[in-house]
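To keep things clear, I will list the structure first and then write my remarks on it.
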Amino acid sequence: MRGMAGIRNIVILTGAGISAESGLRTFRADDGLWENHPVEQVATPQGFRRDPELVQRFYDERRVNVLAAEPNAAHRALARLDSEWDGELLIVTQNIDDLHERAGATRVLHMHGEALSAWCLACDARHRWTGTLLDGPACPTCGEIALRPDIVWFGEMPYEMERIFAALARADLFVSIGTSGAVYPAAGFVQQAKSARARTLELNLERSQGSGWFDESRLGPASELVPAWVEEVLT
Ligand code: BJW
């Protein structure tokens, strides 16, 4: 990248690819999460209404996998950037794992929800959740048996969009890491950043669907590309 002169506000978008080397499967790879679980069955509100047990089992398993995973060098490098970058920084993650936080990052926003959170459809409370939901536990706030995974499914509104759009409008640099660019609104962030005159960089194993929108694309594993880019930014 051409130096960091004039860059103060950074927005980083991360996707499943940043956690792949921590052992968490991506969605759209041949052996990805959608392979055995068709997306309309497990990632839509209609699928949940049709077969809640299937969906609860799917996310109970994902929760176990998230708890067993460890942050990799890419998460750690972003945590370093978060602690050392004086300007504005926002890590918008589409991931439901907590590996950014466990690596030490604090300026993190989970736009598609969190595996370790349960949402009560009766009283709207949210609770940190590390156990199962398949067995129908009562909501600790209201006592109703109405907890669902706190995940944004297709057709639902991603979280904190106003905050994200505000950060994109101020961004001097937008960096997309490990995401295929197949899911909106996240896939459109690069265009919003460009209209705010931000520079745009993609770090991914292969070109994403919106690759043409980026000023620069670096292809390779996140565990190598991200630490190298952070080193460049901070020196
Ligand atoms: C590596 C690597 C390594 C591998 N190193 N890289 C028609 C047009 C436009 C939009 C729509 C449309 N029809 C419907 C829509 C809307 C819909 C949508 O986008 N559908 C598309 C299929 C077209 N979107 C929605 O419904 C969203 N809500 C919405 O739009 O509300 C209205 C609204 C309007 C206006 C403003 C705001 C809102 C909600 C989307 C919810 C997505 N939920 C999911 C599942 C929940 C979480 C979970 O179960 O974990 O989120 S879907 C799934 O995809 C998950 C992910 O977060 C998301 C993105 O996937 P990601 O992260 O990109 O993973 P992959 O597998 O696709 O890619 C991995 C990449 O990593 C690859 O490129 C690899 O090469 C790379 N990689 N190893 C670096 N080691």
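The values are calculated or read from the model by the stated rules, or taken from the named source; none is laboratory data. Owing to the predicted nature of the structure, the values given are computational and were not obtained by experimental measurement. Here the Cβ positions follow ideal geometry from the backbone for every residue, glycine too, while neighbour counts run over all protein chains shown. SASA here: full protein model, heavy atoms, side chains in, ligands and nucleic acids out. Shrake-Rupley method; radii C 1.70, N 1.55, O 1.52, S 1.80 Å.
Taking 0.36 nm per residue of sequence separation and subtracting the Cα-Cα distance, how much length would be gained by fully extending the chain between R28 and T235, in nm to one decimal?
Taking R28 through T235 to full extension adds about 71.0 nm, to one decimal.
Can you give me the Cα centroid spacing of segment 119-172 and segment 76-98 in angstrom?
21
Please state the charge dipole magnitude for segment 66-185, taken about the Cα centre, from unit charges on C-beta atoms (+1 on K and R, -1 on D and E), reported in debye and rounded to the nearest 20.
Result for segment 66-185 is approximately 100 debye, rounded to the nearest 20.
What base-10 log of the normalised intensity I(q)/I(0) is obtained for the chain from the Debye formula, alpha carbons as equal point scatterers, at q = 0.09, 0.10, 0.13, 0.17 Å⁻¹?
Computed log10 I(q)/I(0) values: -0.38, -0.47, -0.78, -1.26.
Considering the alpha-carbon set of segment 1-103 alone, what are its Rg and its Dmax in angstrom?
Taking only Cα atoms of segment 1-103, I get Rg and Dmax of 16.8, 53 Å.
Give me the net charge for the shell around V66: Cβ to Cβ below 14 angstrom, other residues only, Lys and Arg +1, Asp and Glu -1.
-3
Using the charge dipole of the chain (Lys, Arg: +1 at Cβ; Asp, Glu: -1 at Cβ; taken about the Cα centre), state which of T141, G87, I151 has its Cα farthest towards the positive end.
Result: G87, furthest along the dipole toward the positive end.
Taking the Cα centroid of segment 206-235 and of segment 53-71, what is the distance between the two, rounded to the nearest whole Å?
If you average the Cα positions of each part, the centres end up 28 Å apart.
Could you work out the local net charge near A105, counting Lys and Arg as +1, Asp and Glu as -1, over the other residues with Cβ closer than 11 Å to its Cβ?
+1
If you take every residue apart from W119 with its C-beta less than 13 Å away from the C-beta of W119, what net charge results, scoring Lys and Arg +1 and Asp and Glu -1?
So the surrounding residues net to -2.
I want the antiparallel fraction of DSSP beta bridges within the chain, as a percent rounded to 5.
The antiparallel fraction comes to roughly 25 percent.
What dipole magnitude, in Debye to the nearest 20, does segment 114-235 give about its Cα centre under +1 on Lys/Arg Cβ and -1 on Asp/Glu Cβ?
260
Are there trypsin sites (Lys or Arg not before Pro) in segment 126-235 that DSSP puts in a loop and that have at most 10 other Cβ atoms within 10 Å, and which ones?
R197
Please report the carbon-and-sulfur percent of the accessible area for segment 33-145; probe 1.4 Å, protein heavy atoms only, DNA, RNA and ligands left out.
Within segment 33-145, the accessible surface is 48 percent carbon and sulfur.
With n ≥ 4 as the cut-off for DSSP H runs, can you work out [θ] at 222 nm for the chain, using -39500 (n - 2.57) per run divided by the number of residues, rounded to the nearest 500?
For the chain, the value works out to -9000 deg cm²/dmol.
Nearest 5 percent is fine: what portion of the DSSP beta bridges confined to segment 115-235 is antiparallel?
Close to 40 percent.
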